[in-house]
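Structure first, commentary second.
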Amino acid sequence: MIYLGIDIAKFNHFAAALSSEGEVLLEPFKFTNDNDGFYKLLSSIESFNKNSLIIGLESTAHYGNNLIQFLVSRHYKVCLINPLQTSAMRKNNIRKTKTDKVDTFVIAKTLMLHDHRFFTLEDIDLMQLKNLGRFRQKLVKNRTRLKIQLTSYMDQVFPEFQYFFKSGLHQKACYRLLKEAPSPEAIASMHMTHLAKLLEKASHGHFKKDKAKDLRVLAQKSVGSSDRSLSIQITHSIEQIELLDSQLQSVESEMKSIVLSFNSVIMTIPGIGYINGGMILGEIGDIRRFSSAKKLLAFAGLDPSVYQSGNFQASRTRMSKRGSRVLRYALINAAYNVVRNNDTFKAYYDTKKAEGRSHYNTLGHCAGKLVRVIHKMLTDKVEFNLD
């Protein structure tokens, strides 16, 4: 076998190759992180038999993703190496040396001593799903922040407004009105016919003319501030929220498309939709990374923390909350939906609740049960069968 170690960096990568006997087949050389550099790498290894060549990259943020996709699409055997493994190999050297050139040999030698799983085209799709899921969380967080800001602006400008509508401030009809009239003075001065048509059209006929009349009277009596700077902030905040809504719709559509292409058994679980299912699949990646459900539970941070001191051992502890925060969020959210749609999980929820546990503590236990079910399903490729 031939082992090619690649040291990844932002602008330039280094590569070197060793044979199974430790003979240097390729001295360390530099290639750029672009099209020319990638083809330079290909020309350097084209004389090697693809079936005898194993390429290893150290897991370093996102800088190696493009190279992985480039090589996998050309049917090379590529695997990621845990930095802890290369660190242990580096410590075996007598001299304390760390350079890009030396690291290529360290990576190649690590490949020789450990079994690694090769990347597939499906892994690349899972990587994209993971990136989309995490980007979606950022969009949701930004939208929540903007909604809180908008509420604080309305508390000052028109404090009575958000309590006038049963569904609150954050609905399309309210946004449509406030973009045109972001202050009580502007709403009070609107022609009644125009105000009524605007609300009726934006709410799809839910708000009638009498609602518009009541709103205008409320605007005339409002004790809110007539600060023009706040009105500007209201208008722009709504525009940003609507932009984020549009971006979320686009991201979720792409996530759904990828999940559908997998035809994963996880989608047979009642209550799990394309978004939660996509986030779970993306964060887990290849289920073979986790030899047991317990390891997957720890990766999600749903395992209980351990507290022991002397002869004392805590009988009840909180979940560790380590590992993937996005996976933990998706699993707890999914557990809530599964409890509502499956009798087995509902009975488990009721049992834990009867023990005096809080709602969220009980959901954490349900999420743990869900992890064990998902691990079994993905490992054995069996559909959900807990009725």
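The values are calculated or read from the model by the stated rules, or taken from the named source; none is laboratory data. These numbers were taken from a predicted model, which means no experiment stands behind them. Neighbour counts are summed over all protein chains in view; Cβ atoms, including those assigned to glycine, are modelled from backbone coordinates with ideal geometry. Side chains included, ligands, DNA and RNA excluded: accessible areas come from the protein's heavy atoms. Shrake-Rupley method; radii C 1.70, N 1.55, O 1.52, S 1.80 Å.
Things worth noting here:
- Residue within the stretch 255-263 that is open to solvent by 70 Å² or more (accessible area, probe 1.4 Å), part of a helix (DSSP H, G or I), among the aromatic types (Phe, Trp, Tyr) and more than 15 Å from Arg143 (Cα to Cα) present: no
- When the residues of the stretch 198-224 are filtered to those that are part of a loop (DSSP other than H, G, I, E, B) and open to solvent by less than 50 Å² (accessible area, probe 1.4 Å), the one that is farthest from Ala181 (Cα to Cα) is Gly205.
- The residue of the stretch 23-48 that is nearest to the chain's Cα centre (by Cα), among those that are touching a residue at least 24 places away in the same chain (Cβ under 8 Å) and in a loop (DSSP other than H, G, I, E, B), is Asn33.
- Against the criterion of being open to solvent by less than 30 Å² (accessible area, probe 1.4 Å) and either in contact with a Pro (Cβ under 7 Å, 6 or more places away or on another chain) or among the charged types (D, E, K, R) (or both), Ser183 does not qualify.
- The residues on offer are Ser237, Ser229, and the sole one that is part of a helix (DSSP H, G or I) and in contact (Cβ under 8 Å) with a residue 24 or more places away in the chain is Ser237.
- The number of residues in the stretch 123-164 being under 30 Å from Ala219 (Cα atoms) and either surrounded by 17 or more Cβ atoms within 10 Å (Cβ to Cβ) or among the charged types (D, E, K, R) (or both) comes to 12.
- Residues (modelled with pLDDT of 75 or more, assigned to a loop (DSSP other than H, G, I, E, B) and open to solvent by less than 70 Å² (accessible area, probe 1.4 Å)) located in the stretch 75-122: Tyr76, His116, Phe119, Thr120
- When Gln247 is tested against the conditions (1) without any contact (Cβ under 8 Å) to a residue 60 or more places away in the chain; (2) within 26 Å of Ile148 (Cα to Cα); (3) within 27 Å of the chain's Cα centre (by Cα), the lone failure is (1).
- Filtered residues of the stretch 325-355 (kept if in contact with a Lys or Arg (Cβ under 7 Å, 6 or more places away or on another chain) and hydroxyl-bearing (Ser, Thr, Tyr)): Tyr348
- Of residues in the stretch 2-22 being of a type outside the set (Lys, Arg) and in a loop (DSSP other than H, G, I, E, B), the one surrounded by the most Cβ atoms within 10 Å (Cβ to Cβ): Ile8
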